[in-house]
């Protein structure tokens with residue numbers, strides 16, 4: 001039982017460390033839906049023959 005608890009603490013600590021070092025691009029808000037989350041569309045180019 002103690003080994004499971006120690007492993008959980010180590011993994012949770014590593015996850016928190018990686019999230020804090022990830023920078024500002026890590027979102028903890030869950031799934032995002034809407035226009036602010038989608039990449040802008042690429043401009044259309046004419047087909048070349």
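See the values below:
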quantity: Extension gain (nm, one decimal) between residue 31 and residue 3, 0.36 nm per residue minus Cα-Cα; calculated: 6.7 nm
quantity: Ranked list, fewest to most other Cβ atoms within 10 Å of each Cβ, for 20, 45; calculated: 45, 20
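Read-outs: derived from the displayed coordinates by stated rules, not from any lab. Predicted model, so just to flag it, every value in this text is computed and none were measured. Note that each Cβ is placed from the backbone with ideal geometry, even for glycine, and that neighbours are counted across all protein chains shown.
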